[in-house]
Each structure stands twice: as structure tokens, then as C-alpha cells.
Amino acid sequence: MQNSAIGMAGVRSAAIKLTAAMCAVLFVLGANAQDVKVTNTGIDEPTPVRYNNEFEVYGGLNLMTFTAGNLPHRANLGGGELLGTWWATHHLGVGLEGRAEAGTTQATPTITYFPLVQQYMGLAGAQWRGPRNQQFALNYHGYGGVSDGIFSSSLHGAKPQTVGLFPDAVKPIGALGISVDWNRSAHWAIRITPDCYLTHFGNEWEQTFGIGLGVIYRFHDR
């Protein structure tokens, strides 16, 4: 059990370092993306952010907490997400999103390792564009869909229920939250997104927390 704990600490340390490195790359990409326009004075100036785009694409990293069964401890899952949004109006957008999360969790003492937990989510919903200026924009969103929860992949043929995990299943999921966009140009922004997830792998709805960080690209101005 001690070796498993040491191994788990190593995995978490590597995951933290990888997340930090990816965030640094995303920051550099966003910081280097600059739109300019030539004025009558001949001086290049940043193109103003008008929020008149019809489409946008977001991609980033995501972390969420999740109780994977009848267990006393939550699992920390990490992964990525990709979101495409069509802005029907200047305020209302329709989004389609895919998310993938994976991580290990402490199960019952009958096993001496940390089983792998995975979720693959497909969601659809709406965004509402709130307060905004040239530097920042605040969006509200609500999505619903399904999550394919896989809890048996590292159990070597054993049933997840025997170690306190949920059985493999496709279940409904919801995500409610906000996003803060830090504009780096008229089309590029860095986004941070805290979310409250609603899952139903057990007998009751479970509330969990997640947060994402990534880059957004706005295009096809009206």
C-alpha cells in the first residue's frame, strides 16, 4: 500500500507539472496573437474587440472532482475539452461540447492500487454573453448531455461494485457555470471556466466542481 501511495504521489506531481507547462504554452499562444489595423496616422493600433463574431471555438485543459462510488474520498480527474459556439444574437449562443476526464481514486482496502476512473462527455446548451469591455468578458452557460463513465478498465476483470466503484454506465450530466475571457486581441482570448457538474452514476444526483483553462478564437464577424 505504501508503494501505491508513493506511485500515486508521483502521478499527481507529474500531472501538476504537465498542467503548468500546458497552461504556459496556452498563455504564450494567446499573448502572441495580436490583430492590428493601420490608421490614418500610419500608426498600427490594436483592433478593437467588438464581440460581433458569429462563431467561436474554445479548447483547453480541465480539472474536476468526482466521487466514483460508495467511497469516502473524491477523485481528482484531469483532461481536456473542446467547445464550438454559434452566436445566434450578440448575447445568446448555442454550444456543442466534448469533454474527456481521467484519474485514479482510492477504492476499498481489498485492493492495493488506485483504480483508473474515466468520463467521456457530450453536452449541448446555451451561453449568455454578460458584461464585457476591451480587456475582459463574462459569459454564463448551462449544458446538458450524457457521460460515459468507465470504472472497470484497471480492475483486471473484477466488477467495479466489488471495490466500491460505480458500474460502467452512460448517465445524464449537467454543467452550470461562468467563463471569464481575457482578451489578447480582437479574435483571441484566454478563458478560465469554473463549473458545477451534476452527475447521476449512483442513486442520487451528485454535485461536483470543475475548472478549465484554455484559448478561445472568435471568427466570422457580422
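The values are calculated or read from the model by the stated rules, or taken from the named source; none is laboratory data. Everything numeric in this text was worked out from a predicted model, so none of it was measured. Glycine gets a Cβ as well: all are built from the backbone with ideal geometry, and neighbour counts include every protein chain shown.
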Fill in: Residue in the range 6-18 that is among the hydroxyl-bearing types (S, T, Y) and either assigned to a loop (DSSP other than H, G, I, E, B) or at pLDDT 95 or above (or both) present
no
Discussion item. Buried (at least 21 other Cβ atoms within 10 Å of the Cβ), over 13 Å from the mean Cα position of the chain (by Cα) and modelled with pLDDT of 90 or more: is that true of F66 in this structure?
Written reply: yes
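Of these, L155, L116, L123, L198, which one is closer than 20 Å to G60 by Cβ, aliphatic (A, V, I, L, M) and in contact (Cβ under 8 Å) with a residue 24 or more places away in the chain?
L123
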Worksheet item: Here are Y143, Y197: which of them is in contact with an Asp or Glu (Cβ under 7 Å, 6 or more places away or on another chain) and hydroxyl-bearing (S, T, Y)?
Response: Y143
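Out of G145, G149, G177, which single residue is farther than 24 Å from E56 by Cβ and out of contact with any helix residue (DSSP H, G or I) (no Cβ under 9 Å at 6 or more places or on another chain)? Working first, answer last.
Details: G145 fails: farther than 24 Å from E56 by Cβ; G177 fails: farther than 24 Å from E56 by Cβ.
Testing whether each residue is farther than 24 Å from E56 by Cβ and out of contact with any helix residue (DSSP H, G or I) (no Cβ under 9 Å at 6 or more places or on another chain) leaves just G149.
In the range 110-124, which residues are part of a strand (DSSP E or B) and loosely packed, with under 14 Cβ neighbours inside 10 Å?
A124
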Fill in: Failed condition for A107, given (1) surrounded by fewer than 22 Cβ atoms within 10 Å (Cβ to Cβ); (2) part of a loop (DSSP other than H, G, I, E, B)
(1)
Response to the item:
Over the range 179-217, the set of residues β-branched (V, I, T) and either under 30 Å from N70 (Cα atoms) or surrounded by 22 or more Cβ atoms within 10 Å (Cβ to Cβ) (or both) is T193, T199, T208, I211, I216
Worksheet item: Is there a residue being farther than 28 Å from A189 by Cβ and either of a type outside the set (D, E) or part of a loop (DSSP other than H, G, I, E, B) (or both) anywhere in the range 125-147?
Response: yes
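A quick yes/no check of all residues on (1) touching a His at 6+ places or on another chain (Cβ under 9 Å); (2) modelled with pLDDT of 90 or more; (3) part of a helix (DSSP H, G or I):
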residue	(1), (2), (3)
A20	no, no, yes
F27	no, no, yes
V49	yes, yes, no
V57	no, yes, no
L77	no, yes, no
W86	no, yes, no
V94	no, yes, no
G98	no, yes, no
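Which members of the range 159-191 meet the condition of being charged (D, E, K, R) and in contact with an Asp or Glu (Cβ under 6 Å, 6 or more places away or on another chain)?
Within the range 159-191, R191 is the sole residue that qualifies.
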Worksheet item: Is it the case that the range 188-196 has a residue that's more than 30 Å from V49 (Cβ to Cβ), among the hydroxyl-bearing types (S, T, Y) and out of contact with any His (no Cβ under 7 Å at 6 or more places or on another chain)?
Response: no
Discussion item. Can you tell me how many residues within the range 159-172 are in a loop (DSSP other than H, G, I, E, B) and in contact (Cβ under 8 Å) with a residue 24 or more places away in the chain?
Written reply: 2
Worksheet entry | Per-region count, the range 172-222, residues of a type in the set (D, E, K, R) and within 30 Å of A75 (Cα to Cα) | 5
